[in-house]
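Just so you know, all these numbers are worked out from the coordinates, no wet-lab data involved. Please read these numbers as outputs of a predicted model, since none were measured by experiment. Here Cβ is always computed from backbone atoms with ideal geometry, including for glycine, and neighbour counts include all displayed protein chains.
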Protein chains: 2
Amino acid sequence: MSKTTETKRVPSPAAGSTAGEAWEVLASLVYPPPFLAIAQESGLRPATFGALRVLDEPRAMSEIAALLRCDNSNVTGIVDGLEARGLAERTASPGDRRVKLIALTAEGRRLRGRLMREARKPPAWLEGLSSDDQRTLRDVLRRATA
Amino acid sequence: MSKTTETKRVPSPAAGSTAGEAWEVLASLVYPPPFLAIAQESGLRPATFGALRVLDEPRAMSEIAALLRCDNSNVTGIVDGLEARGLAERTASPGDRRVKLIALTAEGRRLRGRLMREARKPPAWLEGLSSDDQRTLRDVLRRATA
DNA sequence: TATTGTTATACTCTATAACTATA
DNA sequence: TATAGTTATAGAGTATAACAATA
């Protein structure tokens, strides 16, 4: 869970700059992250949810470890959990018999689709903005990444 | 660490709405949270950083647990860690001798001040926006919380 | 009796190191 | 010899339950 929220709980002094003011409001809106709640509600543990997320296609264990930025040895347990729930299967790699490809089952693909759609859903405060404000926000943020 | 980033890693289908588009960009900008990196660089573990954050004034163990949304029993260990580092002290509560008030030491206050200033610092992408865009962003976000 | 904080215990997530089976 | 994955083990973070001191 989040012991990470900053604003609103600790009374913060005036930020002193426009960027600081914007950041203060933004942090209060996006932390804690909504997808943590989604993982919890789905009954999946964070690590399992993370693995499901990157399994958009069959991947080797080491590939999953790299995407999750964790050690290979963890992936063994995480994939064990996915297999136990019937969400994924270890399959042999055609070229290299050391490699195991992890593929979602039909049920795994169903669950993943549902959770990914949920995770992409904009939070209520964003849906509640006027269409103009939504467009403005989107455009400013796009300039920030340009 | 973050096994929580969504955008940019998994190719996501077009969001299909202005809010969805805005959210997609926003998520790529704010996850993983910058204060996780701050905690790590400071050599504090996330739980310790969280406790330090809520100790703007002396607080009872149970109060800390409530703010961190964790069990009382965890706070014992977290405060043990703060004490071992010389950052906080258990002091007796004047009214109720069951209660222990945790107060930061001078060193704890110094470190907390430094970390909080760091955590409030707007990220580079926000500082890099034009003044106009910063103001626009701030005002839209303020309307979202109104 | 009820409450505050501690201890005992257990489960999850993470990492390192030693091991296996391939290459 | 090197690599992919597993196992053994350990440390941190979390939770529940039983306990001591105090109310």
request  = Would you tell me which residue of chain B has the beta carbon closest to the rotation axis bringing chain B onto chain A, and how many whole Å away it is?
outcome  = B:VAL30, 2
Exposure proxy order (Cβ contacts within 10 Å, fewest to most) of B:ILE64, B:ILE38 = B:ILE38, B:ILE64
message = Can you tell me, using C-alpha contacts under 8 Å and at least 6 residues apart, the relative contact order of chain B as a whole percent?
response = 18 percent
task = Averaged over every viewing direction, what's the projected area of the C-alpha convex hull for the protein assembly as shown? Give it in nm², one decimal, please.
result = 18.3 nm²
task = In nm to one decimal, list the spacings between the A:THR145 label point and its equivalents in the other copies, with label points set 7 Å along Cα to Cβ, shortest first.
result = 2.4
key: Other copies of A:ASP80: label-to-label distances in nm, shortest first, labels 7 Å along the beta-carbon direction   = 2.7
query = Running Debye on segment A:79-146 with equal point scatterers at the Cα sites and no solvent, what base-10 log of I(q)/I(0) appears at q = 0.18, 0.19, 0.28, 0.29 Å⁻¹?
reply = -0.76, -0.80, -1.16, -1.18
query = If contacts are Cα pairs under 8 angstrom and at least 6 residues apart, what is the relative contact order of segment A:21-84 in percent?
reply = 24 percent
Close Lys-Lys pairs in the protein assembly as shown, where close means Cα under 22 Å and separation is 8 or more or interchain = 7
ask   = Could you give the length gained on full extension between A:ARG135 and A:GLU41, defined as 0.36 nm per residue of separation minus the Cα-Cα distance, in nm?
value = 30.8 nm
ask   = P(r) for chain A: what percent of alpha-carbon pairs falls in each 10 Å bin, starting at zero?
value = 10, 29, 27, 21, 11, 2, 0
inquiry  = Give the average, rounded to an integer, of partner chain Cβ atoms located within 10 angstrom of each Cβ in A:50-56.
reply    = 3
